[in-house]
Amino acid sequence: MYVIEKLKLNRFKQVAIPKPSELYARLGHGSIPMDNAYTGEELASMNQRKTDQIARSMEDYEAYARQMENEGK
């Protein structure tokens, strides 16, 4: 099928699509973990339901956000 060049909406352009590992490396995440990386040392509380743990985490985060907001004023 012939299409006038000016009327083409999408022009084909060949590009190299990087692998996910390359994209990850471009963001600065290499094989060496960062200082603040999760180490797995924090244990989950087995006495609570997941929804209760999530609610507690949200409360902690909101308290942290309020604290950071107050420090900024």
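The values are calculated or read from the model by the stated rules, or taken from the named source; none is laboratory data. All of these numbers come straight from a predicted model, not from anything done at the bench.
Points worth noting:
- Hits in the range 1-34 - residues which are closer than 30 Å to Ser57 by Cα, at pLDDT 75 or above and part of a loop (DSSP other than H, G, I, E, B): Leu27
- Filter result for the condition that a residue is aliphatic (A, V, I, L, M) and at pLDDT below 85, over Ala65, Ala37: Ala37
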